[in-house]
Amino acid sequence: MKASDLFVRALEAEGVEYIFGIPGEENLDLLDSLSRSSIRLIITRHEQAAGFMAATYGRLTGKAGVCLSTLGPGATNFVTAAAYAQLGAMPMLMITGQKPIKSSKQGHFQIIDTVDMMRPITKYTKQIVSGDNIPSRVREAFRLAEEERPGAVHLELPEDIARETTSEPVMPASAARRPVAEEKSIQQAIELIEEAERPLILIGAAANRKLTCRAIRRFVQQTGIPFFATQMGKGVGDETDPLCLGNAALSSGDFLHQAIDAADLIVNIGHNVVEKPPFFMTPGGVRVVHVNFTSAEVDPVYFPQVEVVGDIAHSVWRMGNEVRPRDDWDFTPFFNARDAEQRHIAPYLTDDRFPVSPIRLVHEVQSVMPDDGMLALDNGVYKIWFARNYKARQPNTVLLDNALASMGAGLPSAMAAHLVHPDRKVMAICGDGGFMMNAQELETAVRLKMNLTIVILNDSAYGMIKWKQADMGFADFGLDFSNPDWVKFAECHGARGHRVDSIDQLGPILQSAGDQPGVDLIDVPVDYSVNDVVLNKEIKELAAV
């Protein structure tokens, strides 16, 4: 058997459905083997987008998404996506080609040390030096990519190795049960919860996994303890639940932090310091119970007193069975903080300014999205508003990245979401800066006959940095650009283009987009002046009261 055939069989044994990427001449044997495979090859227009799609596939399924590139520039284009998957705990396998390693007559043309390049941003990176090694290398790559904490892995398949003959059998995929926390640590956590006067639950990114959602929701209902989430923990708890206090979109100074400051214990389920801090710990301050698959990383703003390390669902299930809620728990300060935030934001939900306020935009998007609808956010200041104000009702229905926080991931993430959940409504929310970083994938979405709505927030600037620039007292400088005609841009790619010309059009256009098969792109002029007014001034003044 040709080694490239064995490689593809090994991928099939792992249950691979898709490979995203752009092949090169060093991948042609592998490409030939794929032509006879059940695996669907998704050709993208840039390797970075292929990596974002593979990472998001991994995030949504728990199975490693797979992407493919050639050597040299193709491989270097994977770097951002590798970091995105690694920091965001998304299982992903990158496959790159390479010149022959036993005899090559091309000198160092296009050759870089890809394996070493990938080492700091992956869990595992190997060059395959023999066809006989393929089964074990592929199995090990998938094992490491998918076990906690998930992340990126990389295999390099040189051209001459792909052509070798091998008789090695495929290794069957296997899955190990996650270890469970020791009983002593669970009992220590239970004691702290029962001793507390105002316990509070925080839900982080690692809780946004299969099977954990049900256990955590059960724990909340059994104990009656209010909860909040980090940006990447959105939807694990139903954010319309009366016990939900909101989202830690900011690290400090928001209304939610009044509740955090009033708590004497925080049960921190699934938070990792790779995500921006949802609150700042201080010595002698609030006590913290760390519940996660892995132990807490030492950090100046995170040093829990008790660690419950093991399968999160099992740990939470055990704690929920034994915690005895106290009659004198007083959550009034928590709910007062939440109610104050809702009173503050209420007038902005009907703000009629045009270009549209991002707060009004979130409200309008919320009104057209079903409970299982999926939002894929690119990175920009609007991400704070969606994290803070959009109420997610199911896990992984708001796909945002608060770890690497890379621009350019919004559209590829939405495309992967459509492939995994073709029956759901999927909407990408992109700033004009982030969208242009992978705008070429609009052609891919149209070619694949996807059903997507893409909302472009048009302010002709890098709005997040403008907000930071204003907050730091600097002059407005160096952050403006021009945009194409987005309607024509959509139409020339075979998509439907829409332009919002007044606030009255916003809701109806969002509602009608996606009513028929295909890709809709909506140009929404946005006014970000509210960022400085609300985030830099009003919240800080009112939340400090």
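The values are calculated or read from the model by the stated rules, or taken from the named source; none is laboratory data. It should be emphasised that the depicted structure is a prediction, and the values quoted were computed from it without experimental measurement. Virtual Cβ from ideal backbone geometry, glycine too; neighbours counted across all protein chains shown.
Does Ala175 fit the bill of being out of contact with any Leu (no Cβ under 8 Å at 6 or more places or on another chain) and loosely packed, with under 14 Cβ neighbours inside 10 Å? Explain how you work it out, then say what you get.
Details: out of contact with any Leu (no Cβ under 8 Å at 6 or more places or on another chain): yes; loosely packed, with under 14 Cβ neighbours inside 10 Å: yes.
Judged against the criteria, Ala175 is a match.
Of the residues that sit in the range 90-106 and are among the hydrophobic types (A, V, I, L, M, F, W, C) and not in a strand (DSSP E or B), which one is farthest from Val273 (Cα to Cα)? Show your work before the answer.
From the range 90-106, those among the hydrophobic types (A, V, I, L, M, F, W, C) are 90, 92-95, 101; that's our starting set.
Remaining after also requiring not in a strand (DSSP E or B): 90, 101.
Details: Met90: 16, Ile101: 40 Å.
Ranking the candidates gives Ile101 first.
In the range 127-143, which residues are in contact with a helix residue (DSSP H, G or I) (Cβ under 6 Å, 6 or more places away or on another chain) and not aliphatic (A, V, I, L, M)? Can you show your working first?
Restricting attention to the range 127-143, the residues satisfying the condition of being in contact with a helix residue (DSSP H, G or I) (Cβ under 6 Å, 6 or more places away or on another chain) are 127-128, 131, 134-135, 138.
Once the filter is applied, which keeps residues that are in contact with a helix residue (DSSP H, G or I) (Cβ under 6 Å, 6 or more places away or on another chain) and not aliphatic (A, V, I, L, M), the range 127-143 yields Gln127, Gly131, Pro135.
I'd like to know if the range 352-359 contains one or more residues that are under 21 Å from Arg287 (Cβ atoms), at pLDDT 95 or above and of a type in the set (Val, Ile, Thr).
Step one: list which residues in the range 352-359 are under 21 Å from Arg287 (Cβ atoms), which gives none.
Scanning the range 352-359, I find no residue that is under 21 Å from Arg287 (Cβ atoms), at pLDDT 95 or above and of a type in the set (Val, Ile, Thr), so the answer is no.
For the range 219-227, indicate whether the set of residues that are at pLDDT below 95 and aliphatic (A, V, I, L, M) is non-empty.
Checked the range 219-227: no residue is at pLDDT below 95 and aliphatic (A, V, I, L, M).
Restricting the search to the range 345-369, which residues are in contact with an Asp or Glu (Cβ under 7 Å, 6 or more places away or on another chain) and surrounded by 14 or more Cβ atoms within 10 Å (Cβ to Cβ)?
Pro355, Val356, Ser357, Ile359, Arg360 - these are the residues of the range 345-369 that are in contact with an Asp or Glu (Cβ under 7 Å, 6 or more places away or on another chain) and surrounded by 14 or more Cβ atoms within 10 Å (Cβ to Cβ).
Among the residues of the range 484-528, which ones are surrounded by 14 or more Cβ atoms within 10 Å (Cβ to Cβ), more than 27 Å from the chain's Cα centre (by Cα) and either farther than 30 Å from Pro422 by Cα or not assigned by TED's automatic domain parsing to the domain that holds Val426 (or both)?
Listed by number, the list holds a single entry, Ile503.
When the residues of the range 239-262 are filtered to those that are of a type in the set (D, E, K, R) and crowded, with 19+ Cβ neighbours inside 10 Å, which remaining residue is nearest to Gly204 (Cα to Cα)? First the steps, then the outcome.
Going residue by residue through the range 239-262, those that are of a type in the set (D, E, K, R) are 239, 241, 254, 261.
Within this subset, residues satisfying the condition of being crowded, with 19+ Cβ neighbours inside 10 Å are 239, 254.
Details: Glu239: 14, Asp254: 18 Å.
The residue in question is Glu239.
Working only within the range 341-372, note down all residues that are assigned to a loop (DSSP other than H, G, I, E, B) and either among the acidic types (Asp, Glu) or in contact (Cβ under 8 Å) with a residue 24 or more places away in the chain (or both). Steps first, answer last, please.
The first filter runs over the range 341-372 and keeps only residues assigned to a loop (DSSP other than H, G, I, E, B), leaving 350-355, 357, 369-372.
Listed by number, the residues that qualify are Asp351, Asp352, Arg353, Phe354, Pro355, Ser357, Met369, Pro370, Asp371, Asp372.
Which of the helices (runs of 4 or more DSSP H) contained wholly in the range 1-89 include at least 1 residues that are charged (D, E, K, R) and within 27 Å of the chain's Cα centre (by Cα)?
Values: elements: 3-13, 28-34, 47-61, 73-76, 79-88.
Qualifying helices (runs of 4 or more DSSP H): 3-13, 47-61.
Would you check if Val273 is of a type in the set (A, V, I, L, M) and modelled with pLDDT under 95? Please lay out each step first, then the result.
Details: of a type in the set (A, V, I, L, M): yes; modelled with pLDDT under 95: yes.
The answer is yes for Val273.
Scan (1) touching a Lys or Arg at 6+ places or on another chain (Cβ under 9 Å); (2) crowded, with 23+ Cβ neighbours inside 10 Å; (3) over 22 Å from Arg217 (Cβ atoms) for the single condition Phe279 breaks and write down its number.
Answer for Phe279: the failing condition is (1).
Go through (1) surrounded by fewer than 17 Cβ atoms within 10 Å (Cβ to Cβ); (2) in contact (Cβ under 8 Å) with a residue 60 or more places away in the chain; (3) more than 30 Å from Ala337 (Cα to Cα); (4) more than 27 Å from the chain's Cα centre (by Cα) and name the single condition Glu538 misses.
Every listed condition holds for Glu538 apart from (3).
Do we have any residue at all in the range 466-476 that's in contact (Cβ under 8 Å) with a residue 24 or more places away in the chain and either within 26 Å of the chain's Cα centre (by Cα) or surrounded by 22 or more Cβ atoms within 10 Å (Cβ to Cβ) (or both)?
Residues of the range 466-476 in contact (Cβ under 8 Å) with a residue 24 or more places away in the chain: 466-467, 470-471.
From what's left, either within 26 Å of the chain's Cα centre (by Cα) or surrounded by 22 or more Cβ atoms within 10 Å (Cβ to Cβ) (or both): 466-467.
Yes, that holds for at least one residue.
Hey, can you tell me all the residues within the range 37-73 that are buried (at least 19 other Cβ atoms within 10 Å of the Cβ) and on the phi > 0 side of the Ramachandran plot?
Residue satisfying the conditions is Gly72 alone.
Return yes or no: is His290 in a strand (DSSP E or B) and either touching an Asp or Glu at 6+ places or on another chain (Cβ under 7 Å) or on the phi < 0 side of the Ramachandran plot (or both)?
On the way: in a strand (DSSP E or B): yes; either touching an Asp or Glu at 6+ places or on another chain (Cβ under 7 Å) or on the phi < 0 side of the Ramachandran plot (or both): yes.
Answer is yes for this residue.
Taking the conditions exactly as written (small (Gly, Ala, Ser), modelled with pLDDT of 95 or more and either under 14 Å from the mean Cα position of the chain (by Cα) or assigned by TED's automatic domain parsing to the domain that holds Ala145 (or both)), does Ser103 satisfy them or not? It would help to see each step written out before you state the result.
Numbers: small (Gly, Ala, Ser): yes; modelled with pLDDT of 95 or more: no; either under 14 Å from the mean Cα position of the chain (by Cα) or assigned by TED's automatic domain parsing to the domain that holds Ala145 (or both): yes.
So Ser103 fails the test.
Say we look at the range 144-165 and pick out the residues that are buried (at least 24 other Cβ atoms within 10 Å of the Cβ) and in a helix (DSSP H, G or I); which of these is farthest from the chain's Cα centre (by Cα)?
Among them, the one singled out is Ile161.
Residues checked against (1) among the basic types (Lys, Arg); (2) outside any loop (DSSP other than H, G, I, E, B); (3) touching a residue at least 24 places away in the same chain (Cβ under 8 Å); (4) outside the structural domain of Glu239 (by TED's automatic domain parsing):
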site: His257; (1), (2), (3), (4): no, yes, yes, no
site: Ile260; (1), (2), (3), (4): no, yes, yes, no
site: Ile266; (1), (2), (3), (4): no, yes, yes, no
site: His271; (1), (2), (3), (4): no, no, yes, no
site: Lys276; (1), (2), (3), (4): yes, no, yes, no
site: Pro304; (1), (2), (3), (4): no, no, yes, no
site: Ala313; (1), (2), (3), (4): no, yes, yes, no
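Only one of Thr76, Thr80 is among the hydroxyl-bearing types (Ser, Thr, Tyr), surrounded by fewer than 24 Cβ atoms within 10 Å (Cβ to Cβ), out of contact with any strand residue (DSSP E or B) (no Cβ under 7 Å at 6 or more places or on another chain) and under 19 Å from Gln127 (Cα atoms). Can you tell me which?
Details: Thr80 fails: under 19 Å from Gln127 (Cα atoms).
Sole residue among the options that is among the hydroxyl-bearing types (Ser, Thr, Tyr), surrounded by fewer than 24 Cβ atoms within 10 Å (Cβ to Cβ), out of contact with any strand residue (DSSP E or B) (no Cβ under 7 Å at 6 or more places or on another chain) and under 19 Å from Gln127 (Cα atoms): Thr76.
Okay, residues lined up against (1) of a type in the set (A, V, I, L, M, F, W, C); (2) in a strand (DSSP E or B); (3) within 24 Å of Leu404 (Cβ to Cβ); (4) outside the structural domain of Val286 (by TED's automatic domain parsing):
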{"position": "Glu194", "(1), (2), (3), (4)": "no, no, no, no"}
{"position": "Arg214", "(1), (2), (3), (4)": "no, no, no, no"}
{"position": "Phe219", "(1), (2), (3), (4)": "yes, no, no, no"}
{"position": "Gly237", "(1), (2), (3), (4)": "no, no, no, no"}
{"position": "Leu245", "(1), (2), (3), (4)": "yes, yes, no, no"}
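Check Arg177, Arg139 and return the single one that is assigned by TED's automatic domain parsing to the domain that holds Leu11 and at negative phi. Give the steps one after another, and end with the answer.
Values: Arg177 fails: assigned by TED's automatic domain parsing to the domain that holds Leu11.
Being assigned by TED's automatic domain parsing to the domain that holds Leu11 and at negative phi holds for just one of Arg177, Arg139, which is Arg139.
If you go through the range 318-336 one residue at a time, do you hit one that is surrounded by 22 or more Cβ atoms within 10 Å (Cβ to Cβ), under 16 Å from Ala196 (Cβ atoms) and of a type in the set (A, V, I, L, M, F, W, C)?
yes
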